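Here the structure is laid out as structure tokens; the discussion comes afterwards.
The values are calculated or read from the model by the stated rules, or taken from the named source; none is laboratory data. Bear in mind that the values here come from a model prediction, so they are computed numbers and not experimental data. Every residue, glycine among them, receives a Cβ derived from its backbone with ideal geometry; neighbour counts consider all protein chains shown. Ligands, DNA and RNA are stripped out before the accessible areas are found, and what is left, the full protein with its side chains, is counted by its heavy atoms. Shrake-Rupley method; radii C 1.70, N 1.55, O 1.52, S 1.80 Å.
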Amino acid sequence: MDRVLLIDDDKELCALLTEYLAPEGLAVEPCHTGGQGLARALSGDYDAALLDVALPDASGFDVLGTIRSRSALPVLMLTGRGDDVDRIVGLEMGADDYVPKPFVPRELLARLRAVLRRTRVQGMGGMVGAGPSAATGGVGCIGGVGPYRKRNLSFGGITVDRSARTALRNGAPLPLTPVEYAILVLLLEAEGATVAREDISRGVLGREILPFDRSIDVHVSNLRKKLGPCDDGQPRVGTVRGSGYYFRVSPTESTFGGQDATEPRLGTGHENVAG
């Protein structure tokens, strides 16, 4: 049974969620202050955490910042429905996803399961993004399927070792969140081809992208900053307006021919490219 830490001062909500999630195989342990929640989150005893933004003794963002500096524990933020700023700030600080209040318990359960499933697959050294696209042989399978998939991916000085779940830039460790790591693997598997925002959301967050949802964009922005620029100063992760993202791969590195290949690759979606 997966253990979920719920950090929220609404005791009635905590009781309802504890009762609702128990039959679904999730053991919820509530706590009602930021200090108590932080101590438990760093104990290593939990598989995921639900963290409210508004706590009586601390900001949920401060709690998230400390958790993320010391742990890769998956964190879903609970935010006000109209608080777009809170959602973006939480994602920028390393939250895996968010659930706006008030929420339908079934939606919370779906997002929580998606995070737990992704964490479990990564922990097994399996494919990141084993969602609908991976199951149907889509973008999640680019770069190899099953036992034929490459264990290591390395382009432009960025290396991922999936067996160790590590990412390096020119040999130095990259401090990526679980979501950033999953996005990086997905982009590296594509070897320069564009990966649609919808496929990233399904493959990494385990859900359909929502209207006006900037979650993927914020995660990619964070990843881009951590990866740093290419030797020519361009960002390693490029944007295709209205479509998605791609990792800049040189033609000599890619089995497909990279973004800068002299022979155009039809159907890759690199028309109308923005850096």
- Item | Asp232 vs. criteria modelled with pLDDT of 90 or more and of a type in the set (Asp, Glu) | no
- Of Arg207, Arg224, Arg165, which residue is crowded, with 16+ Cβ neighbours inside 10 Å and touching a residue at least 60 places away in the same chain (Cβ under 8 Å)? Arg207
- Message: Tell me the residue from Ile158, Ile200 that is among the aliphatic types (A, V, I, L, M) and closer than 25 Å to Ala48 by Cα, please.
- Response: Ile200
- Query: Do you know which residues across the stretch 44-63 are modelled with pLDDT under 95 and hydroxyl-bearing (Ser, Thr, Tyr)?
  - Reply: Ser59
- Residue hits (the stretch 235-262; at pLDDT below 85, on the phi < 0 side of the Ramachandran plot and buried (at least 19 other Cβ atoms within 10 Å of the Cβ)) are Ser254, Gly258, Gln259
- Item | Complete set of residues in the stretch 74-100 that are buried (at least 16 other Cβ atoms within 10 Å of the Cβ) and in a strand (DSSP E or B) | Val75, Leu76, Met77, Leu78, Thr79, Asp97, Tyr98, Val99, Pro100
- Listed residues Asp9, Asp47, Asp57; which is acidic (Asp, Glu), open to solvent by 30 Å² or more (accessible area, probe 1.4 Å) and touching a Pro at 6+ places or on another chain (Cβ under 7 Å)? Asp9
- Query: Any idea which of Arg40, Arg70, Arg81 is at pLDDT 95 or above, over 19 Å from Arg117 (Cα atoms) and among the basic types (Lys, Arg)?
  - Reply: Arg40
- Message: Based on this model, can you work out whether Ala190 counts as open to solvent by less than 30 Å² (accessible area, probe 1.4 Å), under 25 Å from Gln234 (Cβ atoms), more than 15 Å from the chain's Cα centre (by Cα) and at pLDDT 85 or above?
- Response: yes
